[in-house]
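Since the structure comes first, as structure tokens, the remarks are kept for the end.
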Amino acid sequence: MTQGRGLLNRSSFLMRALRTGTFCLVGASSLMTACDSNDDPPVDPTPVDRSPRKLTVLQTSDLHTNIFPWDYFSGKPDAKRGLSKVATLIKQERAKNPDCTLLVDTGDTIQGSPLGTYYAQVDNASKHPMATAMNELGYAAMAMGNHEFNYGQDVLNKFKGEANFPLLGANVRKSSDGSEAFTPYVMTTVCDVKVGILGLVTPGVATWERKDNITGLRFDEPLEIAKTYVPKMKAAGADVVLVAIHGGPDKQPTGSATSPESWLADYADDTKWSDRGNLTAENQAVQIAQQVADVDVLLTGHTHQPIPKMLLKQQDGREVLLTQPNRWGSHLAHVQLNVTWNGERWGVDAHDSQLHAVDETVAEDANVKQLTQAAHDTTVDYVNQKIGSTTAAFTGGFPGRYVDSALADLLNIVQEEAAKEAGFPVDLSATALFSNDVALPQGDVTLRDAYSVYIYDNTLYVMEINGSILRRALEMNTLYFKQLDAANLPAKPADAKATTPVVADYNWDLYSHIEYGYDLTKPAGSRLTHLRFKGEDVKDEQLFRIAVNNYRGGGGGGYSMFKEGRMLWSSADGVRDYVARYMQEHQNLSPDAVNTCNFTLTPDLYAHYFQATLGPAKCAPVVQ
């Protein structure tokens, strides 16, 4: 009976094996296997790995053609910038998680330093060095920035064709029919997880850019576009959604933006956040994080700030991560995402982010450096070319700020001439001296010298304001200084500045064509001693056209009163480009010929700190 049951069992086994299409018969010396069947599919011998995993997302932004750790404006090394250094950090972090790492950029890539100017306007036939460097690093995608359009669509499209990664801009639409003008998003798979990357650009392009550079294009609000495309990406199978946006938070921490903890404050608490002075929809990153379902991470840019981490809640309580790596290749943003399988798809169940800073301890990547060295050397030669000359030095720094100086007057003249050439003549202009380290030398002036007196990427606004706005801005201006005792001035000129809070040098403006003065012995809010235009006291309702940079015109630096004015014109070119052109067209510039006396400080800080070493100023204070 036992033997019979054994034969029966073997017979039954053979029948089952025949039905399933796979069987094995083991005897003294035989093994048989059949593998074909039209019934059930074959069993996959390799099980699918659904174990939790970590994705790494690395981000750069606002590189502004800074590949090398070099300041083209000062002609000196700068150990705290450059994609060649960031490349070392990128490769270090990628090596820790090589199969599960994505690298993304959020724009303002091909403009901003003389290298960008050279390879857009002087030699646009050669392959763009930014494309060369970024291709070496294996970017997955780049969201376009507003400055990508500065040189026109031909230059942009050439760069697009040279890049081995897509340039994204979902809200850049064809003005004719509203259709997509650029790739809106890309889907990529890492560690078997499908990641969707949506690219957006600040719609401020339409305000700032020269119209012939954006012919046929319109720029829709990022928030509304994100609401349209994120559901499409999820429907297409995206497990993780990254929004790469050239735009940032519309507010910044009050008085403590350099503190990582300040970026974690409740965004709804108005006591902890101050308005940035945005154009409409210019910076909608926070609103996207809060209002667009299924977004996991906001990779931001444009505001030139190091934001290690912001945590923002959607209406259902879901938390969204936001980060930004500052500008010029000074930081690398590093996002860590823990993803798990829920039985149907992958999803993020934990996230974190941090910034890795570029400093003296970070070496340049040898490959990136070798591939772009020739472009850097060419640019250095370019900026060292002579463009103009002066009969005497134009002094900058504190000696140029603490008196009505020739350098500030020169910058205001440049702005006035640029506005006039554009068809918008102005009544007055306002500028600032940004750096304590530079001035125009006596004799030959190079392109680098001209650029060095205006180091920021500001464009020029012409605005219509009234006397009330002007008066309030002038009073706001004096917050740069602490209240001073004329008989007991600080030992050093820098110590005359306010300390609670400290006010940046670029927030001390110097004006042309109005007569005004300050008494710094009085408390803030009551320091303006007089304000006249063409010899007459300025009235609150009186209208003026003023030339200011885009930062100030947008309310930057706390000058929110300018937002009450009316924008008449915005330049596409940077103010520093206007400075260089002016110096090329006006050789043998004389400080005395440029310097017009219309402003005074009491006490006379220039006389106290600088007259003994630099000589008397042309514009000495006059009691009004």
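Table: residues versus (1) at pLDDT below 95; (2) in a loop (DSSP other than H, G, I, E, B); (3) more than 30 Å from residue 453 (Cα to Cα).
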{"site": "37", "(1), (2), (3)": "yes, yes, yes"}
{"site": "43", "(1), (2), (3)": "yes, yes, yes"}
{"site": "47", "(1), (2), (3)": "yes, yes, yes"}
{"site": "58", "(1), (2), (3)": "no, no, yes"}
{"site": "65", "(1), (2), (3)": "no, yes, no"}
{"site": "80", "(1), (2), (3)": "no, yes, no"}
{"site": "88", "(1), (2), (3)": "no, no, yes"}
{"site": "93", "(1), (2), (3)": "no, no, yes"}
{"site": "103", "(1), (2), (3)": "no, no, yes"}
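Put simply, of 237, 199 the only residue that is open to solvent by less than 30 Å² (accessible area, probe 1.4 Å) and either within 29 Å of residue 573 (Cα to Cα) or basic (Lys, Arg) (or both) is 199. Is there a residue in region 504-516 that is modelled with pLDDT under 95, closer than 23 Å to residue 421 by Cα, under 24 Å from the mean Cα position of the chain (by Cα) and of a type in the set (Phe, Trp, Tyr)? For region 504-516, residues modelled with pLDDT under 95, closer than 23 Å to residue 421 by Cα, under 24 Å from the mean Cα position of the chain (by Cα) and of a type in the set (Phe, Trp, Tyr): absent. Taking residues in region 251-280 that are in contact (Cβ under 8 Å) with a residue 40 or more places away in the chain, and partners anywhere that are exposed (fewer than 13 other Cβ atoms within 10 Å of the Cβ) and part of a loop (DSSP other than H, G, I, E, B), the pairs with Cβ atoms closer than 6 Å and at least 6 places apart or on different chains are 255/501. Any residue that is within 22 Å of residue 251 (Cα to Cα), of a type outside the set (Gly, Ala, Ser) and part of a strand (DSSP E or B) - is there at least one of those in region 513-524? No, region 513-524 has no match at all.
Among the residues here, residue 561 does not qualify as within 30 Å of residue 251 (Cβ to Cβ), open to solvent by 40 Å² or more (accessible area, probe 1.4 Å) and not in a loop (DSSP other than H, G, I, E, B).
To keep it simple, each residue is scored yes or no on (1) surrounded by fewer than 20 Cβ atoms within 10 Å (Cβ to Cβ); (2) modelled with pLDDT under 95; (3) out of contact with any helix residue (DSSP H, G or I) (no Cβ under 6 Å at 6 or more places or on another chain); (4) in a helix (DSSP H, G or I).
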residue	(1), (2), (3), (4)
448	no, yes, no, yes
455	yes, yes, yes, no
469	no, no, no, yes
477	no, no, yes, yes
485	yes, no, yes, no
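When we screen 375, 363 for residues that are touching a helix residue (DSSP H, G or I) at 6+ places or on another chain (Cβ under 9 Å), open to solvent by less than 20 Å² (accessible area, probe 1.4 Å) and not in a strand (DSSP E or B), the only hit is 375. Working only within region 276-295, note down all residues that are open to solvent by less than 30 Å² (accessible area, probe 1.4 Å) and within 15 Å of the chain's Cα centre (by Cα). Within region 276-295, 282, 283, 284, 285 meet the criteria. One residue alone among 547, 572, 580 is small (Gly, Ala, Ser), touching a helix residue (DSSP H, G or I) at 6+ places or on another chain (Cβ under 7 Å), open to solvent by less than 20 Å² (accessible area, probe 1.4 Å) and part of a helix (DSSP H, G or I), and that residue is 580. Scanning region 502-530 for residues that are among the β-branched types (Val, Ile, Thr) and more than 11 Å from residue 600 (Cβ to Cβ) turns up 502, 503, 514, 521.
Looking only at residues in region 261-319 that are among the polar types (S, T, N, Q) and assigned to a strand (DSSP E or B), the one that is nearest to residue 243 (Cα to Cα) is 300. Quick one: which of 366, 350, 375 is in contact (Cβ under 8 Å) with a residue 40 or more places away in the chain and not basic (Lys, Arg)? Every option except 375 fails the conditions. A residue that is of a type in the set (S, T, N, Q) and part of a helix (DSSP H, G or I) occurs somewhere in region 408-429. Residues in region 173-196 that are closer than 14 Å to residue 228 by Cα and out of contact with any helix residue (DSSP H, G or I) (no Cβ under 8 Å at 6 or more places or on another chain) were compared, and the one that is surrounded by the fewest Cβ atoms within 10 Å (Cβ to Cβ) is 179.
The number of residues in region 583-615 that are assigned to a helix (DSSP H, G or I) and open to solvent by less than 30 Å² (accessible area, probe 1.4 Å) comes to 5. Tell me, please, whether a residue that is out of contact with any Pro (no Cβ under 9 Å at 6 or more places or on another chain), open to solvent by less than 20 Å² (accessible area, probe 1.4 Å) and modelled with pLDDT of 95 or more can be found in region 348-356. Checked against the condition, which is being out of contact with any Pro (no Cβ under 9 Å at 6 or more places or on another chain), open to solvent by less than 20 Å² (accessible area, probe 1.4 Å) and modelled with pLDDT of 95 or more, region 348-356 yields no hits at all. Only residues that are open to solvent by 10 Å² or more (accessible area, probe 1.4 Å) and in contact (Cβ under 8 Å) with a residue 60 or more places away in the chain were counted across region 71-101, and they come to 14. Against the numbered list (1) at pLDDT 95 or above; (2) within 22 Å of residue 494 (Cβ to Cβ); (3) in contact with a helix residue (DSSP H, G or I) (Cβ under 7 Å, 6 or more places away or on another chain), residue 604 comes up short only at (3). With the condition kept exactly as written, say whether any residue in region 53-67 is in contact with a strand residue (DSSP E or B) (Cβ under 7 Å, 6 or more places away or on another chain), crowded, with 23+ Cβ neighbours inside 10 Å and of a type in the set (Val, Ile, Thr). Yes, there is a match, as at least one residue in region 53-67 is in contact with a strand residue (DSSP E or B) (Cβ under 7 Å, 6 or more places away or on another chain), crowded, with 23+ Cβ neighbours inside 10 Å and of a type in the set (Val, Ile, Thr). For residues in region 309-336 being touching a helix residue (DSSP H, G or I) at 6+ places or on another chain (Cβ under 7 Å) and of a type in the set (A, V, I, L, M, F, W, C), which is surrounded by the fewest Cβ atoms within 10 Å (Cβ to Cβ)? It comes out as 311.
Exactly one residue among 263, 273 is modelled with pLDDT under 95, surrounded by 19 or more Cβ atoms within 10 Å (Cβ to Cβ) and in contact with a Pro (Cβ under 7 Å, 6 or more places away or on another chain), and that residue is 273. Of all residues in region 146-161, those being in a helix (DSSP H, G or I) and open to solvent by 30 Å² or more (accessible area, probe 1.4 Å) number 6.
Of the residues making up region 507-531, those that are open to solvent by 60 Å² or more (accessible area, probe 1.4 Å) and within 25 Å of residue 406 (Cα to Cα) are 513, 529. Please go through region 132-145 and give me each residue that is open to solvent by 10 Å² or more (accessible area, probe 1.4 Å) and either in contact with a Ser or Thr (Cβ under 8 Å, 6 or more places away or on another chain) or free of Cβ contacts under 8 Å to residues at least 12 places away in the same chain (or both), ordered by number. Of everything in region 132-145, those that are open to solvent by 10 Å² or more (accessible area, probe 1.4 Å) and either in contact with a Ser or Thr (Cβ under 8 Å, 6 or more places away or on another chain) or free of Cβ contacts under 8 Å to residues at least 12 places away in the same chain (or both) turn out to be 132, 140.
Only one of the numbered conditions (1) modelled with pLDDT under 95; (2) touching a strand residue (DSSP E or B) at 6+ places or on another chain (Cβ under 9 Å) is violated by residue 533, and that is (1).
Scoring residue 519 on the criteria (1) free of Cβ contacts under 8 Å to residues at least 40 places away in the same chain; (2) in contact with a Lys or Arg (Cβ under 7 Å, 6 or more places away or on another chain) leaves a single failure, condition (1).
The values are calculated or read from the model by the stated rules, or taken from the named source; none is laboratory data. Here the structure is a predicted model, which means the values were calculated and not measured. When we count neighbours, we look across all protein chains shown, and the Cβ atoms used for this are built from the backbone with ideal geometry, even at glycine. These accessible areas exclude ligands, DNA and RNA; they are computed on the full protein's heavy atoms, side chains included. Shrake-Rupley method; radii C 1.70, N 1.55, O 1.52, S 1.80 Å.
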